[in-house]
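So the structure is just underneath, and the comments pick up after that.
The values are calculated or read from the model by the stated rules, or taken from the named source; none is laboratory data. Here the structure is a predicted model, which means the values were calculated and not measured. Note that each Cβ is placed from the backbone with ideal geometry, even for glycine, and that neighbours are counted across all protein chains shown. All accessible areas refer to the heavy atoms of the entire protein, side chains included, with ligands and DNA or RNA removed. Shrake-Rupley method; radii C 1.70, N 1.55, O 1.52, S 1.80 Å.
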Amino acid sequence: LLRLSWAHQRLGDIDRHKELALLAGHRAIDAHDEDVLVEAAITRSSYGLAGIADPDTAELLELALARLPPRADALRARLLAARAFYLVNYEGRGDEARRASLDALTLARHAGDDDALGEVLAGRLFVLLAGSDVLGQSSTLDELRALVPRLRRGEDFDAAIHRQLAPLDQCLEQERERNR
């Protein structure tokens, strides 16, 4: 179901993508498969109309967070980053999103999982960008750049990072020029 969801996402059929991710999440709950539940929740939350709350997505994220075992810091970090994205993008709750993304960053660093840390840093950039936090973006960007060579990543991650890095570089350079 997750693979079908991802296929629909690539085709631009976001409604079907989200529907299948939700179904995968519910089946993962029934099967007690926390790994698939985490992926389904993250997948479901990754696309949505800005400013339109999605109770099914919010619930799936909360269920996934509640069902994780205590020592699953990397998975919890990824879920918190997805929740931060949800909060800022779907519901416009910037302060809460910044706190969630900071909690995700702390957990990802503690977990020592470079891939989770990369995902969390990329999500934090989005949250900080939404709040126009230029200094926070700059330090997050520097940390992510240093981490990128160590990541096991695919085309989607590379494309997402470059979509974020290019405009941020330009904005940060303009900000530096203004401050000179």
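Observations on the structure shown:
- Unmet requirement for Leu102, which otherwise passes all of (1) closer than 14 Å to Ala81 by Cα; (2) modelled with pLDDT under 90; (3) of a type in the set (A, V, I, L, M, F, W, C): (2)
- Test: residue in segment 35-57 that is out of contact with any strand residue (DSSP E or B) (no Cβ under 8 Å at 6 or more places or on another chain), closer than 30 Å to Leu147 by Cα, without any contact (Cβ under 8 Å) to a residue 24 or more places away in the chain and not aromatic (Phe, Trp, Tyr): no
- Total residues in segment 80-114, condition touching a Gly at 6+ places or on another chain (Cβ under 8 Å) and at positive phi: 1
- The listed residues are Leu61, Leu117, Leu23, and the only one of them that is aliphatic (A, V, I, L, M), at negative phi, surrounded by fewer than 17 Cβ atoms within 10 Å (Cβ to Cβ) and assigned to a helix (DSSP H, G or I) turns out to be Leu23.
- So Ile29, is it of a type in the set (A, V, I, L, M, F, W, C) and surrounded by fewer than 21 Cβ atoms within 10 Å (Cβ to Cβ): yes
- Scanning segment 137-151 for residues that are charged (D, E, K, R) and closer than 16 Å to Asp113 by Cβ, we see that the one that is most open to solvent (accessible area, probe 1.4 Å) is Arg150.
- Segment 134-150, residues that are modelled with pLDDT under 75 and in contact with a helix residue (DSSP H, G or I) (Cβ under 8 Å, 6 or more places away or on another chain): Val134, Gly136, Gln137, Ser138
- Restricted to segment 7-20, and to residues there that are part of a helix (DSSP H, G or I) and without any contact (Cβ under 8 Å) to a residue 24 or more places away in the chain, the residue that is nearest to Asp56 (Cα to Cα) is Glu19.
- Only one entry of Leu49, Leu75, Leu80 meets the criterion of being open to solvent by 60 Å² or more (accessible area, probe 1.4 Å), closer than 20 Å to Val127 by Cα and not small (Gly, Ala, Ser), and that entry is Leu49.
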